[in-house]
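Trainee: What follows is a single structure, and I will ask about it in a moment.
Quick note: the coordinates plus some simple rules give every number you see, no bench work behind them. Quick caveat, the model's predicted, so the values are computed rather than measured. When we count neighbours, we look across all protein chains shown, and the Cβ atoms used for this are built from the backbone with ideal geometry, even at glycine.
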Amino acid sequence: MKPAFVHRRLEDRPDLPDAVKGKTHPLPGRPVSLDEWAAALWQDRRIRAAVEVVEGQSANASNFPRLLRAVVHSATVPEGIPFAVAWDDLEKQIQKNPPEWARKDKRGLWTVLNSVRALRGKLNVPRERFHLRARDLYLWAGLIWK
């Protein structure tokens, strides 16, 4: 058996579970609910150990979805918000045909969520990790590049 540092690919690492290597994901690339995702992640002992460190107490399966939800929400934007478009131009576009992710501001005009603006910055660069497809269905944001 080779030492871990010699392995060049995840598939060659005997110390990693199959889920980490990508061999056991039933439907890769499909949207997943946070509860389903939390249940799958909770099976990994490394996740349980990390939760114990973060929480400062013994790991509890009932607290983990709350912790995961907070982390995921901080890096999520609704699906369908175009990137690399100036915010002013994007707001002009959504006045004509408001998408479901648009919200009305105090003046009654359609606008982009402030959380999206804060995450993407003034140049509308996609830095989010996840896209929210439905109320509780999340999709990895890296799929927009495929």
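Trainee: Express the Stokes-Einstein translational diffusion coefficient of the stretch 30-145 in µm² s⁻¹, to the nearest whole number, given a Kirkwood radius over alpha-carbon pairs, 20 °C and a viscosity of 1.002 mPa s.
Mentor: Roughly 134 µm²/s, to the nearest whole number.
Trainee: Using the Cα centre as the reference, give the magnitude of the dipole from point charges on the C-beta atoms of the stretch 51-141 (Lys, Arg: +1; Asp, Glu: -1; all else neutral), rounded to the nearest 20 debye.
Mentor: 340
Trainee: Grab the Cα-Cα distance for residue 66 and residue 114, subtract it from 0.36 nm times how many residues apart they are, and report the gain in nm with one decimal.
Mentor: 15.0 nm
Trainee: Can you check what the net charge comes to around residue 100, using other residues whose Cβ is under 14 Å from the Cβ of residue 100 (Lys, Arg +1; Asp, Glu -1)?
Mentor: Combined, the nearby Lys, Arg, Asp and Glu give +3.
Trainee: Count the net charge of all other residues whose Cβ sits under 13 Å from the Cβ of residue 124, scoring Lys and Arg as +1 and Asp and Glu as -1.
Mentor: 0
Trainee: If you filter the stretch 96-125 for trypsin sites (Lys or Arg not before Pro), then keep DSSP loop positions with at most 11 other Cβ within 10 Å, what is left?
Mentor: Here the sparse-neighbourhood loop sites are 106, 107, 122.
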